[in-house]
1. For chain A, what is the calculated [θ] at 222 nm in deg cm²/dmol (nearest 500), taking -39500 (n - 2.57) for each run of four or more DSSP H residues and dividing by its residue count?
2. Give me a single rounded figure for C:190-197: the average over its residues of other chain Cβ atoms within 10 Å of their Cβ.
3. If R0 is 30 Å, what FRET efficiency do you get for residue C:110 and residue A:159 from their C-beta distance, rounded to 0.05?
4. Summing -39500 (n - 2.57) over the DSSP H runs of n ≥ 4 in chain C and dividing by its residue number, what mean residue ellipticity at 222 nm do you reach, to the nearest 500 deg cm²/dmol?
5. Of the peptides A:182-192, A:211-221, how do they stack up when ordered by the mean number of other Cβ atoms within 10 Å, highest first?
6. How shielded is B:76-84 by partner chains, expressed as the average number of their Cβ atoms within 10 Å of its Cβ atoms?
7. Would you mind calculating the relative contact order of segment C:21-212 from Cα pairs under 8 angstrom and at least 6 residues apart, reporting the percent as a whole number?
8. So if a site counts as exposed when it's one of the GluC sites (Glu not before Pro), its DSSP state isn't H, G, I, E or B, and it has at most 15 other Cβ atoms within 10 Å, what's the longest stretch of chain C without one?
Amino acid sequence: MNRRKERIDRGVKARSADIFALTSYREMLYLLIPGAIPVVGLLCFSPLLSPYWREVIISTAIYALLAMSWDMLMSAGLLSLGQALFFGIGSYLAGSLNYYAGFPPVLTIPIATIGGGLICTVLLLPVLRLRGIYFAMVTLVVPLMLSRLVEATRILGGTEGLTGLTPFPNQLTALFVIQLALLATLFGFRRIMGSDYGLVIKGISDNDRSVMSAGLNIYWYKAQVLFLGACVGCFAGAFGTHMDMFAGMPGFALDYSIMPVAAAVVGGTGTFAGPLIGAFILVPLSEMLRALGALRMVFYGLFLVVFVVGMPEGIFAYIQRKYQQMERWVDVS
Amino acid sequence: MTAQTPLLRVSNLTKTFGGVTAVSNMDFDLDEGLLLGVIGPNGSGKTTLVNLITGFVKPVAGRIEFRGKDITGWPPYKVVGEGISRTFQMVRPFYQLPAYKNLIVPLYSPRVKKLAGGKYGNRDAVALDLLEEVGFERDAHVSYKKAGALPQGYLKRLELAKSMALRPDLIILDELFSGLSLAEVASIVPIIEKLKHQGKTIIMIEHRLKELFRIADRVMVLNYGRKIAEGLAIDVMESPDVKEAYLGSEAE
Amino acid sequence: MLLGTLIYGFVNSSILALLAMGFNLTFGISGVANFAYGAVYIFSGFSVWILLNTLGLPYLFAVLIAIVLAALLGLAIYYGIILRIKGMPLSEVMATFGLGLAIMELFRYFDFVGFRYTLPVFIDGSFSIGDVYIDYQRVIISLIAVGLTFGLYLFTNHTRTGLAFRAIAQDERTALTFGIDADMVGALSMALGCALAAIAAVVILPLGTIAVEGGYEVLINALAVCIVGGLGSTVGILVASVLIGYSQTFTASYLEPHWMMLVSLIAIAIVLIVKPSGLFSHQKELEERI
């Protein structure tokens, strides 16, 4: 007797795709709960944690922002192996404005976000015309080189960096700010990619020749996506600067480039919620493994490999599938 | 644009790829409202000609003028903005999307917005209407099927709809009939004739000569990147150069 | 000073060329992404050290075994990882990069850190050209670099296997119809690329210590040379190596050594502005895809 696995949408999913969702509390809950989890979980529960774990959440949120920024770039076919570029530039911009011009965080962070986004976009503009691989290569190399440049030329504080920067008034404020940014990015990016604009972007990644022949300037759209991703990445850097009261070479570290990729791959690329989940799995986990030192990077590396090869769809897609569909074995006669 | 200026004028167009001359000193004019058939053996430069006109490839020499405007070397999106659209020989839709969603991307282009008076309107509705125009049966909800699930006949029509969505003045169809059965071709021909009645200018690259000659006003024959004949279908097929290109010369 | 700069510039260029060659072979010429390249380099270095110091094998023997081991590692990576995700270049990049990371950090975890991790030079001593002293090891590096460049050029342009390498990068389907076993050719190119990494490692590492950071440096330098010279072009690699190598050496001699990093950055910036796909790259952006 042969069997095959059959997958069909759950009843509640099929019903909630239509007007039924508005007439039944059950369907409405079904639709709202997935979105509500991050909002409630973060905003309501995190202030209740101990300061140490709040710190972990903040750190996780920073990586989650970088991961979502990565996902946005990936949606247009731009594989970034250098999220550290955005982080570092955002970090140095905010740090410099604070250190040399005395601007407070409420000014440095927005300026560093938009300004950093512009700088990074212009920097990477020439690479947009090339195959996706070149983007990967250049983004990998540039932050590492910038780091060594700072070390060599001793500008912007050199190896010591800029220290003694203005911190946030208290940890709760920082927690609130970063979580707000996180949720805004998550829902904002998902909204964008769900719209017709998102279709165009995904089209560029899938078949750019087709989009070109549809009368759209794909490089302009790639630049827009790059700007969006860069801004989020620079925000993370600017925020991190005022969290640590420090801006320096470590802002360009490989860690900031790799963690977001690992998080996105584990959580599921293309969904934004996936990278978020991935970050919330990997960062606390690595925090608990901190005692193992270099093993952390080994662990990230292996995670990347295993997930890219074994579960390319990611955890989020897996969960989503289970949530929306049920599977059962049926006989094949 | 005076009555004399042709819609499309190609002068002295040449393109080489490395050591291969794909298109060589091509000259022709195309008046508005006509259907030009372009035929020739494989490798004669037909698709390269399309790529040159639509901006996917830059010529080494020569000019392309559309409505008197020099569009030589323009990138594809600008050429589309002027009013030229094309289909691809190898049809590659967005397989994961429903058929009508495939039209969202062309409907997103600036030209559509400009022609609609500055607003896009409801793209989904326009897409569904377009698909119905090319023969996607409304009752059977074919437009909602994933593009990957559609047979070649529908995919070709989807490709046609994508180029029509841009409301072009000149449509270039690159081997639209290839891979279709006689019945499928017969069902698409009326759509093309309707386009002609709407005043559109059409260039059709084809291998299916019988079907092409029924609707073409003029025919141009290419061989080894050169134009070897141009005129009415019957005249062109009598030309000895054309016979030699297709059938080869007499053995000595 | 000029003579010294010219000579050491040549050595520097040779080092860069050696580093980039293996990477270019797999990635640029065959289209197989191997971002574990730096890891293979370090792996080879440590292999020789272990064979030499822990097992007491003679030097040449250890070197040869290490090269073979590197090639085998390449094959393992290909059959274990790349084949499973073939056709998705971005996935290949991510997976090999992750693996490379894991390998390098594993060495760091097992404490392969410190000044005692060095390899002996092949021939001790130095000689002088004019008033410039140059050690034999550096000469060997230059000779091997030149020899390999010629060899690689001949290989990729005049042998059937070499042409097969290029074929699978250009159009795999068509290559298959020519009877080229794309999988095997890909595996071969991977193995060869890793072997070249190993050769580079055993020749260059004696100049300093074997450090995990070196693995990252290697990847960065190889990528930089490929970006500037153009992926896939042996001539491009050569020209880029000479350009960057000499610029770095001149900067170090006449300005300050720490400005050397700036050279690579500037080179990349210029290339990106003037000819983004690299000085000698064969690719036109759109035409190659229509």
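The numbers here are math on the coordinates, done by the rules we state, and not lab data. Predicted model only: the values in this text are computed from it and were never measured. Neighbour counts are summed over all protein chains in view; Cβ atoms, including those assigned to glycine, are modelled from backbone coordinates with ideal geometry.
1. Values: 15 runs with 236 residues, N = 333.
That comes out to -23500 deg cm²/dmol.
2. Working: counts 0, 0, 0, 0, 0, 0, 0, 0.
Mean inter-chain Cβ contacts per residue within 10 Å come to 0.
3. Working: r = 28 Å, r/R0 = 0.93.
Efficiency, from the Cβ-Cβ distance: 0.60.
4. Details: 11 runs with 195 residues, N = 290.
After summing the helix terms and dividing by the residues of chain C, the value is -22500 deg cm²/dmol.
5. On the way: A:182-192: 17.7, A:211-221: 22.1.
Those peptides, ordered most packed to least, come out A:211-221, A:182-192.
6. Numbers: counts 10, 10, 2, 3, 6, 3, 1, 1, 1.
Other-chain Cβ atoms within 10 Å of each residue's Cβ, averaged: 4.
7. Values: 241 pairs, mean separation 83.0, N = 192.
Value for segment C:21-212: 43 percent.
8. My reading of the result: C:1-284 is the longest stretch.
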